[in-house]
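One structure is given here, and the rest of the page talks about it.
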Amino acid sequence: MFLSLFRSLLVACVLMGGSIGLLQAAETAAPDGPVILTVSGPLARTNAGAEMQYDLDMLRAMGSSSFETSTIWTEGTHVFTGVPLRDLLMDLGIESGMLQATAINDYTVEIPVSDALVSAALVAYEMDGKPMARRDKGPLWIVYPYDADARWRSEVIYTRSIWQLDRLQVLE
Amino acid sequence: MSRGQLVMIAGIALLAAVIIFQITALSIQVVGHLNRLQSAGSDNTQWTLSQAEVEFLEFAHAVDLSSEAAEPDLDSVRREFDIFYSRIRTISSSPLYAGLQALSAFQEPLSETQAFLNASVERIDGSDTDLIAGLGALQTEIWGLRPTIRTLASSGLSYFARQSDEGRRAIASTLFWLAAISLLLFAALAWLAVYLGVINRRLSRRGADLSQANQRMNTILSTSLDGVIVSDAEGRVVEFNEAAETIFGYTAEDAKGRRIGELIVPPALREAHNAGIERMKASGERRVVGRGRVTLDAMRAGGEIFPVEMALQRAQDHDTEIVIGFLRDISQRVASEEELVLARDRAVAGEKAKADFLAVMSHEIRTPLNGVLGNLTLMEQTKLSRRQFEYVRNMKISGRILMGHVDAVLDIAKYEAGKLQINAEPVGLSQLLQDIVDAQSGAAEAQGTVIEWNWLGQPMDWAKTDAARLQQILLNLVGNAIKFTEQGRITIEAEVLRAPVQEDDAKRWVEIRVIDTGVGIPPEDLQLVFDDFETRDVSFGRATGGTGLGLSIARRMTEALGGEIGAESEPGSGSLFWVRLPLDPADPPRKDVRSAPDREGLRQLNVLVVEDNEINLELARNMLELDGHAVTSAMNGQSGIEKAGQTRFDLILMDISMPVMDGVEATRAIRAGNGPSADAPIVALSANVLPQDIDRFRAAGMNDFLGKPLGLDDLRRILSDIRDGKGQYVPPSEGAGLIDSQKLRETRDSLTSAAFDRLLSRFVTESDELLSWLNGLDLSSHPLPDVAERCHKVAGSAAVFGARDFRAGLVELENHANAGDTAKSELSIKRLSSLWPETRDKLTTV
């Protein structure tokens, strides 16, 4: 998290230095591997037109966080590792609005940005230290530490626990 | 509040607690339900199941498209497969579907689907060519699997529908029970509220009653005429009502809180009061409290001590003990009681003074009158002219009437003073009636009236009664009849009535009627004739010399004898007076009582008359000299003793009231002396005839007494007794002097009959022993003081039993023995020996 913040600052400094006075999103390097997440909307940074595309390495590079919890959809407890959703949003300069998360099967949920910024939600890319296959809710799954707090065990949170995530769109 | 009410309220509280507990439990349950609904362990399971079918169809669609297309989109096939695979994996591994998996309708299609997926993985993951080649087969398999997927979804859906139904039902039931129990609680609380309301109303009503009762009690206390003081156990005043304020002079404010001992208990009683309070506190012992009314002294504010009537009672006031005192000021009552007692004492003293005055007056009148009558008698014996004789006789008649009046007054006085003595002895009734007729016939004849008597039916010749009193009654009646009858007839009828006085008793009612043919008595006067000082007609009464006391005396006498008296009359034709007496028949005595002495052959006696009144002395001297006796006179007791010391007299007549030395003392001296007349008969002369006087005379050693005025007949009887030898210092044996019946009765009344018998028999034994000792005694060798001492002892006992003569004899012997006179002592012993058997007989027969 500290690292990502540092990086954001660094990026901001570069942007300030590179194109002074421009408010448009800065160009960032495109992903090398397969794209597993595409973020659209008013973003601070983009790498594919107006969108920001991520491969697994890019997400990994954003630093990781992990927690162990059970879920209502799996057996036993699992250790989930991934990028905190908040970090991701802050990295992209998203501070308000509605986040529309969509899965591979086009399942869509809305998560208010304000909620996302204060939640412990993780955009997990590993379960029990292994990348998650598409057949097993991979490659990305927004998980909450359900066991840690009852507030993460509501139906809304369950609805927001979207798996096979591949798109995020920020709505004003 | 009662025990029952407390139990009920406790019960309700318990019930409410149970209900509240239930409600809490149910509420927790409801909250649980709500939490479950909120946190929704379920996710949207139905949606997931439908999604499985959707995703299966998506996969089928992708396969369909690819198999028909020239360039099959294998990525899409693979993606849709993965999505479907992931879904089924979720369904099979999620704990949400654990319950569902137990259902075979779900488990079977699931297994079939999983088998399909596992079988297809290799083909999907294989090379594109292989996949393309196998698309047709896959399509067929997918088509085969469709119903299975449908079943999977629908069975799951129905299961969850059922489960959510159950959940709803559980919530509904919980809510139902919650509502029901809440309702119950509400009902219980409502009932409790109503009940408490009722109790409250009852309590407030009771409170109102109580305050009303309190007010009433206060009104009673404040209007009570008795002082009411309430104190605590320490004796401090708690209440002090208005009457108490008035009685004691403190205000209630002053009194409250102060110690009752300092307030109203007089200093003299304070110590006892404090001790009482301590005692009550320490041991609960009460001497005054709760013992009803007590009369004590109390003290007012000003220090005045006054009597109160007081009642104390203890009571419990909450948990402290209080003492309630009711006090009444009785100083007025006590004062008026004292006044009353004083008034009564004064009245009694006045009565006594009156009686004494009457007795003395009678004495003072009788003595000179005695002189007049005596001298008239003597004058009759002298040579008188016929006219002089008439005058003397008239004077004598007047004198006797006057004497009768004085006697009547004296009788009444004696009766009122309770001194009327009844001496019952055998009386010859026929003789008595005859005597009355004989005596009164002269007076009757003077009126031209005939008088006679007779028995009706069986006569009762002898009966026990007081002859003198009966005579007095009949004389009064007959005298009265004579007075009011002229030229008529007076009949005395005596009749023994059949009815006995008491059952199994020999006593009979004897009625004696005096019937005249005189003027009669008007009915309105008939009631009054027996009253004091009642005369029929003042002028007539005066003419006939009536005092108006005759009939009232007769009434008193009759009553004294236990009888009745009455009168009937027919004005103009006559009156009938009757006397009814309870009489005991008696045997006639062997010897006729006191027959008139034969004057012939009387021995000439030597008589000493001791009398200070010259007239009376002269009278006695003349009467004695008339019968030829020798008379020596002395003017007082002292000279009487001297004369008696010089000469031997056959008889000494001794006046009682005399200057220098009275008769009693003189007699004592003569008896005690050695003179020649020491044992001579001494007869008292006295107008005082009260019984205790006679006792006094006898005790002094007198043999008999003669009432004044001195009558010749009485004098002659005494003289005849002496001539017969009976008068020798021994009282007449047949007289009442042997036993003083009144004294004997007094002794008997003051003892139980057993004690009386025991004492009497001891006295008899004592006397028997004394006499046999005395008779066997050689006085010349034996010391006389012993005799005196023993006589003295027995004399004391004799006095107790009223053995008057025997006692007098003992006293005499004692005197002689003390004087060392052996001869006289022997004489006394002889007399005692003859006296004792008679006395003993009389005593033992009563």
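Here, each number is a calculation from the coordinates, and none is a lab measurement. As the structure is a computational prediction, the values presented were derived from the model and not from experiment. Note that we place each Cβ from the backbone using ideal geometry, even for glycine, and neighbour counts take in every protein chain shown.
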What is the distance, in nm, between label points placed 7 Å from the Cα along the Cα-to-Cβ direction at B:Leu626 and at B:Glu642? 3.1 nm
What's the extension gain from B:Gln5 to B:Met361 if we count 0.36 nm per residue and subtract their Cα-Cα distance? 118.8 nm
If the chain between B:Asp757 and B:Val660 were fully extended at 0.36 nm per residue, the gain over the current Cα-Cα distance would be 30.3 nm
Compactness ratio of segment B:123-270: Cα Rg over 2.2 N^0.38 Å, N = residue count? 3.30
Over 50 Å [Cα-Cα, chain B], rounded percent: 59 percent
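Counting only DSSP beta bridges with both residues in the protein assembly as shown, what percent are antiparallel, rounded to the nearest 5? Intermediate values should be presented prior to the final figure.
On the way: 87 of 117 bridges.
About 75 percent, rounded to the nearest 5.
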Can you compute the modelled spin-label distance between B:Asn200 and A:Glu95, with each label point 7 Å from Cα toward Cβ, in nm? 6.3 nm
PRE reach from B:Asp317 (point 7 Å along Cα→Cβ): which of segment B:200-223 fall under 19 Å by backbone N? B:210-223
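Work out the FRET efficiency for B:Ser430 and B:Lys793 from their Cβ-Cβ distance, taking R0 = 56 Å, and round it to the nearest 0.05. Each step should come with its number before you reach the end.
Details: r = 48 Å, r/R0 = 0.85.
That pair, B:Ser430 with B:Lys793, gives E of 0.75.
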Note, A:Leu56: beta-carbon cut-off 14 Å, +1 each Lys/Arg, -1 each Asp/Glu, net -2
Just to be sure I understand the model, the point goes 7 Å from the Cα along the line to the Cβ. What's the resulting B:Asn218 to B:Arg489 distance in nm? 9.4 nm
Checking the cross-link filter: which lysines have an alpha carbon closer than 27 Å to that of B:Lys507, excluding same-chain neighbours under 8 positions apart? B:Lys419, B:Lys464, B:Lys591, B:Lys743, B:Lys842
Using a cut-off of 9 Å between beta-carbons, work out the net charge of the residues near B:Thr449 (Lys and Arg +1, Asp and Glu -1, B:Thr449 not included). -2
Which one of B:Val787, B:Gly562, B:Ala252 is farthest out on the positive end of the charge dipole of the protein assembly as shown, using unit charges on Cβ (Lys, Arg +1; Asp, Glu -1) and the Cα centre as origin? B:Val787
For chain B, the dipole about the Cα centre with charges only on Cβ (Lys and Arg +1, Asp and Glu -1), to the nearest 20 debye, works out at 1740 debye
From the phi angles alone, apply the Karplus equation (6.51, -1.76, 1.60; θ = phi - 60°) to segment B:156-171 and give each ³J(HN,Hα) in whole Hz, x where the residue is Gly or Pro. x, 4, 5, 4, 5, 4, 4, 5, 6, 4, 4, x, 4, 4, 4, 5
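Restricting to chain B, what percent of DSSP beta bridges are antiparallel, rounded to 5? Numbers along the way, then the final one.
On the way: 55 of 80 bridges.
Here the share of antiparallel DSSP bridges comes out near 70 percent.
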Amide H partners (placed H, <5 Å) of A:Asp147, local residues excluded: A:Ser70
In whole Hz and in residue order, list the ³J(HN,Hα) couplings for segment B:336-342 that follow from phi through the Karplus curve 6.51 cos²θ - 1.76 cosθ + 1.60, θ = phi - 60°; x for Gly and Pro. 6, 4, 4, 4, 5, 4, 4
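Per residue, what volume in Å³ does the Cα convex hull of segment B:324-438 take up?
Values: hull volume 21.1 nm³, N = 115.
Given the Cα convex hull of segment B:324-438, per-residue volume reads 183 Å³.
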For A:Leu37, distant residues with modelled amide H under 5 Å away: A:Tyr54
Quick one: which residues, 5 or more positions from A:Leu99 or on another chain, have an amide H under 5 Å from its amide H? H modelled 1.01 Å from N in the peptide plane, none for Pro or chain starts. A:Ile111, A:Val113, A:Leu171
What list of ³J(HN,Hα) couplings, whole Hz, do you get for segment A:66-74 from phi and the Karplus terms 6.51, -1.76, 1.60, once you set θ to phi - 60° and write x for glycine and proline? 8, 8, 10, 7, 9, 10, 7, 9, 10
Compute, for segment B:1-223, the length of the dipole vector about the Cα centre, with Cβ point charges of +1 (Lys, Arg) and -1 (Asp, Glu) only. Units Debye, rounded to 20. 3300 debye
Can you work out the base-10 log of I(q)/I(0) for segment B:1-122 at q = 0.15, 0.16 1/Å, using the Debye formula on its C-alpha atoms alone? -0.82, -0.88
Percent of Cα pairs exceeding the 27 Å cut-off, where the set is segment B:1-223: 61 percent
Cα extents of the protein assembly as shown along the principal axes, largest first, in whole Å, come to 222, 70, 64
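Just in segment A:64-94: which chymotrypsin sites (Phe, Trp or Tyr not before Pro) are loop by DSSP and have at most 13 other Cβ atoms within 10 Å? Could you put the intermediate results ahead of the total?
Values: sites: A:Phe67, A:Trp73, A:Phe80; in loops: A:Trp73.
Nothing satisfies the criteria.
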